[in-house]
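The values are calculated or read from the model by the stated rules, or taken from the named source; none is laboratory data. These numbers were taken from a predicted model, which means no experiment stands behind them. Neighbour counts run over all protein chains shown; Cβ positions are idealised from the backbone, glycine included.
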Amino acid sequence: MSRSIYADGVANITMVDGVVRYDLVTMSPAKEEGKFNVSPVASVSTSVQGMLRTYDQLSKVINKMVEQGVLKKTEPSEPVVEDTAH
């Protein structure tokens, strides 16, 4: 491995001609409360199969962290349905 890159997340995920591309980003507090400045630090390009292998590996790590109590799974909340019949 040649170098290490820290990222807070990913952004700008696209797929063109079977190649998945996304940016690794860092986040820093913005002047407005609760907002963040997002800055790209690197780009990743991978095959669809490579993305699926990455997803599988990350899912295994997340599941292990849930088992260890490091993370807690939350159920998705029910969608809010607005009554527009009035």
Pull up the stretch 35-53, narrow it to residues that are in contact (Cβ under 8 Å) with a residue 12 or more places away in the chain and part of a helix (DSSP H, G or I), then point me to the one that is nearest to the chain's Cα centre (by Cα). MET51
I need a count of the residues in the stretch 33-70 that are of a type in the set (Phe, Trp, Tyr) and farther than 17 Å from ASN12 by Cβ. 1
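Quick one: would you say LEU71 is of a type in the set (A, V, I, L, M, F, W, C) and assigned to a loop (DSSP other than H, G, I, E, B)?
Taking the combined requirement at face value, the residue satisfies it.
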How many residues are farther than 30 Å from LYS72 by Cβ and either touching an Asp or Glu at 6+ places or on another chain (Cβ under 6 Å) or surrounded by fewer than 10 Cβ atoms within 10 Å (Cβ to Cβ) (or both) when one looks only at the stretch 15-39? 4
Considering ASP23, ASP56, which residue is out of contact with any Leu (no Cβ under 8 Å at 6 or more places or on another chain), of a type in the set (Asp, Glu), modelled with pLDDT of 95 or more and not in a strand (DSSP E or B)? ASP56
